[in-house]
1. Please find the FRET efficiency linking Q237 to D87, where r is the Cβ-Cβ separation and R0 is fixed at 22 Å, and quote it to the nearest 0.05.
2. Give the calculated FRET efficiency between Q209 and R306 to the nearest 0.05, with a Förster radius of 22 Å applied to their Cβ-Cβ distance.
3. Filter the trypsin sites (Lys or Arg not before Pro) in segment 254-303 to those in DSSP coil with at most 13 other Cβ atoms within 10 Å of their Cβ, and list the result.
4. Could you tell me the extents of segment 190-248's C-alpha atoms along the three principal axes, largest first, rounded to whole Å?
5. Roughly how many nanometres apart are two label points built 7 Å out from the Cα toward the Cβ at K114 and S330?
6. Quick one: go through segment 161-179 and flag any residue whose amide nitrogen is under 19 Å from the point 7 Å out along the Cα-to-Cβ line of A251.
7. For segment 53-245, compute Rh as the Kirkwood radius over C-alpha pairs and then the Stokes-Einstein diffusion coefficient at 20 °C and 1.002 mPa s; write the answer in µm²/s, rounded to an integer.
8. Name all residues of segment 51-67 having a backbone nitrogen under 14 Å from the label point set 7 Å from the Cα of T174 along its Cα→Cβ direction, giving them as ranges.
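Each reported figure results from applying straightforward, stated rules to the coordinates on display, with no laboratory input. It should be emphasised that the depicted structure is a prediction, and the values quoted were computed from it without experimental measurement. Every residue, glycine among them, receives a Cβ derived from its backbone with ideal geometry; neighbour counts consider all protein chains shown.
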Amino acid sequence: MRRVITTTTPRRTARGAALLGALTIVAATVLGGLPAHADEPGAPPAAATEAPKVDLVLDGSGSMRTTDIQGKSRMAVAQQSINEVIDALPAETEFGIRTLGATYPGNDQKEGCKDTQQLYPVGKTDKTQAKTAVATVRSTGWTPIGVALRAAAQDLGTGPTTRRIVLITDGEDTCAPPDPCDVARELAAQGIHLVIDTLGLAHDDKTRQQLLCIANATGGTFTDVRTQDQMTQRVKQLVNRAQDTHAVTPAKVAGTEKCADAPVLTPGVYTDREKFSEHRVYRVPVKPGQELRASVSVTPDRAVARDYGVLLQATDSTGQELVRGNDAGSGRTDVASTGVRWSAPGSADDEVSPSPTAGSKGAAGRTVCLVVSNSFSSSTNVQADSGLPLELTVDVTAASPAPDGPAMGLGRGWILLGVLTLAGLLAGLIFGWLARWRIAVWREN
């Protein structure tokens, strides 16, 4: 027995290998016929991009010496957080640091209110040099926030994509004019694609209101910092957000309460502000044979009450719901997002009216109403007047083929199922043949 098996094992192995090789060739041939993954038809081409740009503005005024954050001074907490952010910087991000009130130690307010310097230029970051520069900052003088914001905007320059300023401070501007809120509005009015996010280390209402005003003017966010970890995580989020938004600059749009007078949107990315528990409506023309894809993100840029939600609906002009998406939660979040997909009936070859009207159907397609709603509410003593920043993404592309029997319904999965069936059949034949061969050998011996 042992002698026969020993002499025939190579032959059996060779035959098994040959059959398995044939199976592999068959599978590879079938699978090789599958088209490689690619963008779906109708998807817009990738937008031209430039490197994400972030300028961090650090308050170096005398009040930053205050020791009230987990036993550390405000400056020490800020420096440690910035070092951790620098360590985690994405390679493609161009990052810079500017200080305010960190170099003039005198009592002349006129001179002190000019005190803003570029500590590290916006560009590719040498992490050792950047961290060494941060370590040299000392809490010294006044708080010229408005002057520093103007200078930071110049640090970032202009271009087709969004730039971000991240302001870390523990107090209101002590040098106005210029008033920092007016400066933020001025920068926003220039259309230079600039967003200012603010982080406050002091917790008085006057400082909060000023920092919230600066953020609101440019579509940014305000964070009331209480701990070291909170600051570190928040700045990291903002730097990463620059990566997410730098490729396409959202266009400003103002939604309305009713679909009839809502702005008409083409494929693109849009930004708006929505008050607590408000509805904002937009219109999107969709032709026969096309599919509408839309998503919305709402950012709670201030303290909000627990239990909230965001709803995105696609309806017709009468208010009849076509499809909906929603997101809900009960704790503090950086952003709440949801999306919808809806295909217009008809064929892409149908004649299409050049100017579809709301609610029109058939060959002319229809104009879909996108309704963005939220159930956020403000926490006690938090300003509720300014709306929450929202970002709406709209795309209209060729609709996926409608199901037409099992093969169409399964798509590529049907081909894969056929390959697996064939593989199972061949495997069964191979193992059945091997079993019969082993029995025959055993009987011979």
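1. Here the calculated transfer efficiency is 0.90.
2. Calculated transfer efficiency: 0.40.
3. Hits after loop and neighbour filter: K258.
4. Sorted from largest, the Cα extents of segment 190-248 read 35, 27, 9 Å.
5. Simple spin-label model gives 5.8 nm for this pair.
6. Only 161-163 fall inside the zone, counting backbone N under 19 Å.
7. 132
8. 59-66
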